Amino acid sequence: MINDYKPKKAIEYASQDINEDDIKAVIKILKSDFLTQGPTIGKFENAIKNYVKVKYSYATSSASSGLHIACIALDLGPGDILWTSPNSFVASANCAIHCGAKVDFVDIDPKTYNMCVNQLEEKLIEARKKNKLPKIVMPVHFAGQSCEMRKIRELSHDFGFSVIEDASHAVGGEYIDQKIGNCKFSDISVFSFHPVKILATGEGGMVLTNKKSLADKMRVLRSHGITSDKSEMYERPKNEKWNYQQIILGFNYRMTDMQAALGISQLSRIDQFLSKRRKIAAIYDEELKNLELLTPFQNKNTQSSYHLYPILITPENTKTNQIQFYKKMWERNIFVNIHYIPIYLQPFFKDLGFEPGYCPNSENYFKSVITLPLHYSLSNVDHEYIINSIKEILL
Ligand SMILES: *Cc1c(COP(=O)(O)O)cnc(C)c1O
């Protein structure tokens, strides 16, 4: 125990780890012929594909753009509804709005903070009666822990919806001994490589699927709706090598080669990243278990990537409350955070008609949660300082 230890700079809740190899990989691209649309993108896509064991993978400019083209590939449009978790980043819902569809929310399980599959089932039964079934259900693997995908897949067969996994938090996470992102129980999965997540490419994301038709559509959507694959063109050109065709309306949602190179380099260290994250989480679990707070519950058949480590400070059993705790941690230069404000409480979604009280579990959770710092470059002394600070505040 280091009594007078003070961190040199603020301890962020999340941060990327960039080493010399990462830097060299990006510089190599800067000195090469292609900054974008070059060969490195495909290499990164293959590396991720082999890592999670999925058939098709396409890099995107972000997870948000990936979620958007995933929805379009599944034909989400006006008159359709997408259901997701309120305990997520706004992008999980915005993708549906961008398609002209409606969005609705299924409350969370108070244990895992993921979409509750029992409530999902009940809501589906009600929706069927009213002829308002969702076209897509988007579970979000909150903090890196998988949702109950087997059950969600079963429901998708019974009620006829498609499944997009928002796996932004969950690169490297596992469900029933297989890597999240392999789409065993879904149509499409989407990863984020924002620097706060498991792997960093600056901005960046990836869409993954085992279905060729969805893969082809997302590949084209990512790049303006343009194809240069002759088999996809409307009128086959003879031997016009220069020919390309815009066959649908798409976007520039591409990743650059600089980002892909960084991604490949980062992916080569993913086992290190994950084991450090899991070690930090295990130390938190152990050190905090006798305090008046709740550490994150882990389902037996999951192995979290630990993007986040949320604790609950519940007013009934703690001498402090969430907001006081938050302030006291910030005073100590520990920049804890809150994940998430239920999406439908955002002013934009309130304007769409959502009201407070809609998903009580998510709201209770939101009023108690604090995200503790957890990232690869968190030093042992900083980690100890965080734990000691929590004890000082709570004991
Ligand atoms: C970060 C995040 C996104 C968006 O990722 P970007 O790559 O920043 O677009 C989407 N969903 C969830 C759950 C996220 O945490």
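Scan the stretch 19-27 and tell me whether some residue there is assigned to a helix (DSSP H, G or I), charged (D, E, K, R), over 26 Å from VAL103 (Cβ atoms) and within 20 Å of the chain's Cα centre (by Cα).
The initial filter retains those residues of the stretch 19-27 that are assigned to a helix (DSSP H, G or I), namely 20-27.
Add one more test, that the residue is charged (D, E, K, R), and what stays is 20-22, 24.
Filter again for over 26 Å from VAL103 (Cβ atoms), leaving 20-22, 24.
Still in the running and within 20 Å of the chain's Cα centre (by Cα): none.
No, that holds for no residue.
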All positions within the stretch 153-173 that are away from the ligand (no atom under 16 Å from the Cβ) and open to solvent by less than 40 Å² (accessible area, probe 1.4 Å): ARG153, LEU155, SER156, PHE159, PHE161, SER162
When residues of the stretch 123-148 are limited to those that are surrounded by fewer than 24 Cβ atoms within 10 Å (Cβ to Cβ) and hydrophobic (A, V, I, L, M, F, W, C), the one farthest from ASN94 (Cα to Cα): ILE125
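Residues of the stretch 137-152 being more than 11 Å from the ligand (Cβ to nearest atom), in a loop (DSSP other than H, G, I, E, B) and out of contact with any Phe, Trp or Tyr (no Cβ under 6 Å at 6 or more places or on another chain), which ones?
Of the stretch 137-152, the ones more than 11 Å from the ligand (Cβ to nearest atom) are 137, 145-152.
Among the residues that remain, those that are also in a loop (DSSP other than H, G, I, E, B) are: 145-148.
Correct list: GLN145, CYS147, GLU148.
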Report the residue count in the stretch 268-297 for those that are open to solvent by less than 20 Å² (accessible area, probe 1.4 Å) and part of a helix (DSSP H, G or I). 8
Looking at the stretch 195-210, which of the residues that are away from the ligand (no atom under 11 Å from the Cβ) and not in a loop (DSSP other than H, G, I, E, B) is surrounded by the fewest Cβ atoms within 10 Å (Cβ to Cβ)? THR209
Just to verify a result, which residue in the stretch 176-194, among those that are assigned to a strand (DSSP E or B) and open to solvent by 20 Å² or more (accessible area, probe 1.4 Å), is nearest to the ligand (Cβ to nearest atom)? LYS179
Scanning the stretch 49-61 residue by residue, those surrounded by fewer than 22 Cβ atoms within 10 Å (Cβ to Cβ) and either within 16 Å of the ligand (Cβ to nearest atom) or of a type in the set (Phe, Trp, Tyr) (or both) turn out to be TYR51, TYR56, SER61
Pairs please, first residue from the stretch 328-341 and more than 25 Å from GLU363 (Cβ to Cβ), second anywhere and open to solvent by less than 50 Å² (accessible area, probe 1.4 Å) and of a type in the set (Val, Ile, Thr), Cβ atoms under 9 Å, 6+ apart in sequence or on different chains. ARG332/ILE11; ARG332/ILE386; ARG332/ILE393; ASN333/ILE11; ILE334/ILE11; ILE334/ILE386; ILE334/ILE390
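The values are calculated or read from the model by the stated rules, or taken from the named source; none is laboratory data. Just so we're clear, the structure is a prediction, and the values are computed from it rather than from any experiment. Using ideal geometry, Cβ is built from the backbone for each residue, glycine included, and neighbour counts are taken over all protein chains shown. Quick note on the areas: whole protein, heavy atoms, side chains included, nothing else; ligands and nucleic acids left out. Shrake-Rupley method; radii C 1.70, N 1.55, O 1.52, S 1.80 Å.
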